[in-house]
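Structure record follows, encoded as structure tokens.
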Amino acid sequence: MTPDTTPSTYLQSLNRGLHAAMAADEAVHFAGEDVLDPYGGAFKVSAGLSTRFPDRVHTTPISEGAITGLASGMALRGLKPVVEIMFGDFLTLTFDQILNHAVKFGAMYGTEVPVPMVIRTPMGGRRGYGPTHSQSIEKHFCGIPGLKVISPSHVHAAGDLLGAAIASETQPVLFIEYKSLYPLPLFTGSELLNVAPAPTGSYATRIVRNFETGEPDAVLIGYGGVAPLMLEVAERLAEEEINVSVVLPAVISPLDIAPIAQEVACARRALVVEEGVAGFDWGAEVAARLHETLFGKLDRPVRRLASKPQIIPTSKDGEAGTLISADDIEAAVYEELA
């Protein structure tokens with residue numbers, strides 16, 4: 001199998017990013033469960049890697065803690081390991097290795113020691129996989145000192161971000177890939193939506209607007225799998241002549257609030273959206289940071305939108321009724337503008 005050189009979808013972009021990273025640096029190794037060809041991983045993101053780089057792709061036992069511990073050791077020895085955790089739900093089994101080991105190694109020995117490792121995992125629902133394969137649990141990893149959490153949307157060139165993390169990061173990275181994005185084409189704009197550069201020029205934050213001139217009436221903020229929902233709402237509202245900006249940071253922890261705050265300052269109304277369950281969530285951090293940055297300049301408190309705090313059902317209707325939807329977001333925007 002050979003890598004796809006025309007990555008029109010989110011998944012193909014990630015696959016190309018992995019191939020490019022391994023071709024560029026022999027220190028890059030890849031490990032995970034069922035990642036060897038012809039299977040190429042549960043979602044085929046690693047397709048072709050073991051055929052092209054047979055000595056640097058390693059199939060592992062079903063032990064997420066062991067896989068992550070292996071990556072830490074490889075990183076300490078000067079390699080650049082990339083590991084795949086088959087489903088994001090299984091990150092719970094890596095928590096000790098990340099929180100108590102990988103992120104601490106760099107500062108435990110009296111001198112700075114690089115620990116360049118990337119942990120990739122598919123996250124989220126909307127595929128009917130049931131309660132233990134559909135959760136969005138990355139909020140439990142945000143805020144850990146020394147850990148960078150990246151979750152690009154399909155508005156980002158996800159493979160480029162993955163490749164950059166593999167090549168340049170000297171600390172552990174948790175790279176979240178929402179499963180619902182895998183088949184989607186990379187979004188570069190449409191008749192009603194245009195992709196604008198972030199105010200700070202940061203490629204890690206993308207801004208999509210449903211207007212060309214003027215200022216936003218409201219700003220939607222989110223990452224990863226909620227991006228298509230927010231873009232759908234922006235298109236609907238464009239037809240009602242309601243100006244909406246959609247701000248999509250790829251790096252969700254540590255959080256760069258500057259480009260988000262600059263856009264929100266224009267609208268004075270903001271809604272933070274995430275697929276994870278409501279309560280002690282990423283949206284709470286964004287809201288707090290916006291209030292600190294824009295105190296007295298907002299017309300209303302920042303509103304948080306998330307999935308219902310309940311177990312995700314397997315049934316299609318049950319799952320749809322639990323997870324945040326485009327209709328939920330649109331209704332909230334209208335309430336903010338009322």
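Condition check for Gly110 on (1) in contact (Cβ under 8 Å) with a residue 24 or more places away in the chain; (2) of a type in the set (Gly, Ala, Ser); (3) assigned to a loop (DSSP other than H, G, I, E, B): one failure, at (1).
Output the residues belonging to the range 297-338 that are part of a helix (DSSP H, G or I) and acidic (Asp, Glu). Asp317, Glu319, Asp327, Asp328, Glu330, Glu335, Glu336 - these are the residues of the range 297-338 that are part of a helix (DSSP H, G or I) and acidic (Asp, Glu). Got a sec? Which of Val115, Val103 is within 16 Å of Ser253 (Cβ to Cβ) and either in a strand (DSSP E or B) or touching a residue at least 24 places away in the same chain (Cβ under 8 Å) (or both)? Testing whether each residue is within 16 Å of Ser253 (Cβ to Cβ) and either in a strand (DSSP E or B) or touching a residue at least 24 places away in the same chain (Cβ under 8 Å) (or both) leaves just Val103. Close contacts from the range 13-33, counting a first residue that is among the hydroxyl-bearing types (Ser, Thr, Tyr) and a second that is modelled with pLDDT under 95 and surrounded by fewer than 23 Cβ atoms within 10 Å (Cβ to Cβ), with Cβ to Cβ under 7 Å and a gap of 6+ residues or different chains, come to Ser13/Pro7; Ser13/Ala157.
Go through Val273, Val286 for me and flag whichever is outside any helix (DSSP H, G or I), within 28 Å of Gln135 (Cα to Cα), touching a residue at least 12 places away in the same chain (Cβ under 8 Å) and of a type outside the set (S, T, N, Q). Spell out the reasoning first.
Values: Val286 fails: outside any helix (DSSP H, G or I).
Just one listed residue meets the conditions, Val273.
Against the conditions (1) under 14 Å from the mean Cα position of the chain (by Cα); (2) surrounded by 23 or more Cβ atoms within 10 Å (Cβ to Cβ), Lys139 satisfies every one except (2). In summary, Val247 fulfils each of the numbered conditions (1) outside any helix (DSSP H, G or I); (2) touching a residue at least 24 places away in the same chain (Cβ under 8 Å); (3) surrounded by fewer than 24 Cβ atoms within 10 Å (Cβ to Cβ); (4) not small (Gly, Ala, Ser) with the single exception of condition (3). Counting residues in the range 15-25 that are modelled with pLDDT of 95 or more, more than 24 Å from the chain's Cα centre (by Cα) and assigned to a loop (DSSP other than H, G, I, E, B) gives one or more. Across the range 181-205, the number of residues qualifying as modelled with pLDDT under 95, out of contact with any Asp or Glu (no Cβ under 8 Å at 6 or more places or on another chain) and not in a loop (DSSP other than H, G, I, E, B) comes to 2. Reported count of residues in the range 148-162, each being surrounded by fewer than 24 Cβ atoms within 10 Å (Cβ to Cβ) and either assigned to a helix (DSSP H, G or I) or over 14 Å from the mean Cα position of the chain (by Cα) (or both), is 2.
Here's the yes/no breakdown for (1) farther than 30 Å from Pro131 by Cβ; (2) without any contact (Cβ under 8 Å) to a residue 24 or more places away in the chain:
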{"site": "Ile260", "(1), (2)": "yes, no"}
{"site": "Cys266", "(1), (2)": "yes, no"}
{"site": "Gly296", "(1), (2)": "yes, yes"}
{"site": "Arg303", "(1), (2)": "no, no"}
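Scanning the range 58-100 for residues that are outside any helix (DSSP H, G or I) and among the aromatic types (Phe, Trp, Tyr) returns a single hit, Phe87. How many residues are touching a strand residue (DSSP E or B) at 6+ places or on another chain (Cβ under 7 Å) and closer than 23 Å to Gly318 by Cβ if we restrict to the range 85-124? Here the count works out to 5.
The values are calculated or read from the model by the stated rules, or taken from the named source; none is laboratory data. All figures in this text were calculated on a predicted structure; none of them were measured in a lab. Virtual Cβ from ideal backbone geometry, glycine too; neighbours counted across all protein chains shown.
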